[in-house]
Amino acid sequence: MSQKPDSVPRARRPGRNASNLEEVELIGRIVHGDMRAFDQLYRIYFPRLMRFLSRMTRRPTMVEELINDTMLVVLHKAGTFNGKAKLSTWIFAIAYRKALKALRDLDEPLEYDAREPADTPDNGPRNQILQQQMHALLTRAVHALTAEHRAVIELTYFHGADYREIAQIMDCPVATVKTRMFYARRRLKTLLPCGAEDFL
């Protein structure tokens with residue numbers, strides 16, 4: 001039931017409204033103490049939060065704990081969800097705040113992990129090597145951004161969120177999201193070799 005990232009930024013997914021309605025139904029059941037509904041919602045959001053928090057924090061060892069902390073808030077604060085935003089926006093906002101707090105509490109150096117393979121068809125060994133090298137360059141470049149800029153890139157390109165949704169998640173004006181995207185893209189272009197900026 002987890003949703004696959006869009007290849008086009010901010011593209012709307014088919015059936016997205018239906019999924020949101022199903023998730024809102026689950027949160028309603030959670031309010032009334034239905035732990036099966038919570039388990040179902042946890043399974044839906046685990047892979048989505050795993051990707052988002054892994055890219056935002058760059059610390060694989062803390063991600064599952066952050067997911068659990070996020071979903072515990074969802075469990076205990078389910079009754080505060082008012083439906084003004086989509087449920088996914090509310091949950092990602094909780095995860096974003098948890099991640100920012102965890103990052104502020106840490107002072108150890110960041111790790112680089114380029115194990116995630118590129119999503120490309122097999123066009124021969126030479127192409128695979130080139131794609132892996134490009135993916136590693138992009139990953140290193142994104143890792144050089146601030147947490148706020150990484151979050152904007154991740155939510156836009158991998159979760160299909162629009163600027164309004166990102167503003168709700170990050171608790172800031174839409175203009176701030178646009179500014180962060182501008183600076184994130186500009187910074188990435190300075191970090192990537194000539195031609196690689198076409199991926200942005």
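Residue-wise test of (1) assigned to a helix (DSSP H, G or I); (2) within 16 Å of the chain's Cα centre (by Cα).
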site	(1), (2)
VAL74	yes, no
GLY83	no, no
SER88	yes, yes
TYR96	yes, yes
ARG104	yes, no
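The C-beta contact set for segment 145-170 (first residue without any contact (Cβ under 8 Å) to a residue 12 or more places away in the chain and part of a helix (DSSP H, G or I), second residue crowded, with 21+ Cβ neighbours inside 10 Å and not polar (S, T, N, Q), distance under 7 angstrom, 6+ apart or interchain) comprises ALA167/VAL177.
The residues of segment 1-41 that are modelled with pLDDT under 65 and in a helix (DSSP H, G or I) amount to a single one, ARG16.
Checked against (1) exposed (fewer than 13 other Cβ atoms within 10 Å of the Cβ); (2) modelled with pLDDT under 85, ALA114 passes all but condition (1). Here LEU100, LEU66 are screened, and the one residue that is within 18 Å of MET170 (Cα to Cα), in contact with a helix residue (DSSP H, G or I) (Cβ under 7 Å, 6 or more places away or on another chain) and modelled with pLDDT under 95 is LEU100.
Could you check segment 47-62 and list, in sequence order, the residues that are farther than 21 Å from THR156 by Cβ and at pLDDT 95 or above? Spell out the reasoning first.
Initial filter on segment 47-62 (farther than 21 Å from THR156 by Cβ): 59-62.
Those that are farther than 21 Å from THR156 by Cβ and at pLDDT 95 or above: none in segment 47-62.
Which of the residues belonging to segment 21-30 are surrounded by 15 or more Cβ atoms within 10 Å (Cβ to Cβ), among the hydrophobic types (A, V, I, L, M, F, W, C) and in contact (Cβ under 8 Å) with a residue 40 or more places away in the chain? Within segment 21-30, ILE27, ILE30 meet the criteria.
Mind checking whether some residue in segment 130-145 is loosely packed, with under 14 Cβ neighbours inside 10 Å and either β-branched (Val, Ile, Thr) or at pLDDT 90 or above (or both)? No, there is no match, as no residue in segment 130-145 is loosely packed, with under 14 Cβ neighbours inside 10 Å and either β-branched (Val, Ile, Thr) or at pLDDT 90 or above (or both).
The values are calculated or read from the model by the stated rules, or taken from the named source; none is laboratory data. Please read these numbers as outputs of a predicted model, since none were measured by experiment. Counting neighbours? That spans all protein chains shown, and the Cβs are built from the backbone with ideal geometry, glycine included.
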